[in-house]
Amino acid sequence: MSLNPKIATLAALLALAGCGFTPLYGGDAGQGANAKLDSVAVNNIPERTGQMLRISLQTQLHTDGAPVTEVYALNVVYSIAVSDIGVLQDSATTRSEMAATAAWSLAPIGNPMHPLISGTATGHDALNIIDNQYFAQDLETDTINQHLADTVAAEITVQLAAWFRAHPNA
């Protein structure tokens, strides 16, 4: 006997509601968190990969476009480490792992020495290295850097939303 998908979905939602689950962006506290996220200014992050992260953060934090009133400043230190994990007998590399790390802090604008919260976000991806295809490798590296930036930005956004939800008067 198969269960109707609509009934299964409804049952799952009722079970989640019964255990106290509330969406991060839902309800009154969630709307307050959304408004707070919209008031976060993302400071410049050096290097091309930092620019990619900054743009991704701005896109995820400012769902209604540029912030009208900037109350908080987000400072991020971003780095990507590359490790060769596929090494042939002649020392040629065939696969590299990329690990992105972002240490971030949120402070009121005008008071950067007293952060309200800080944290770390990470992302991982890998790159196949193919002989004699420099353009393809360069394009793939750029795509992976964008994926890492989007992943790290999403993690930072969730951490900030959770903090704003827990501290609605911040």
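The values are calculated or read from the model by the stated rules, or taken from the named source; none is laboratory data. What you see is a predicted model; the values in this text were computed from it and never measured. Note that each Cβ is placed from the backbone with ideal geometry, even for glycine, and that neighbours are counted across all protein chains shown.
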Residue in the stretch 119-142 that is modelled with pLDDT of 90 or more, touching a strand residue (DSSP E or B) at 6+ places or on another chain (Cβ under 6 Å) and in a helix (DSSP H, G or I) present: no
Number of the exception - ILE80 against (1) within 14 Å of THR157 (Cβ to Cβ); (2) in contact (Cβ under 8 Å) with a residue 60 or more places away in the chain; (3) of a type in the set (Val, Ile, Thr): (1)
Positions within the stretch 60-78 being of a type in the set (S, T, N, Q) and surrounded by 13 or more Cβ atoms within 10 Å (Cβ to Cβ), in sequence order: GLN60, ASN75
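Which of the helices (runs of 4 or more DSSP H) contained wholly in the stretch 1-108 include at least 2 residues that are of a type in the set (A, V, I, L, M), at pLDDT below 90 and under 20 Å from HIS167 (Cα atoms)?
Ranges flagged: 27-37.
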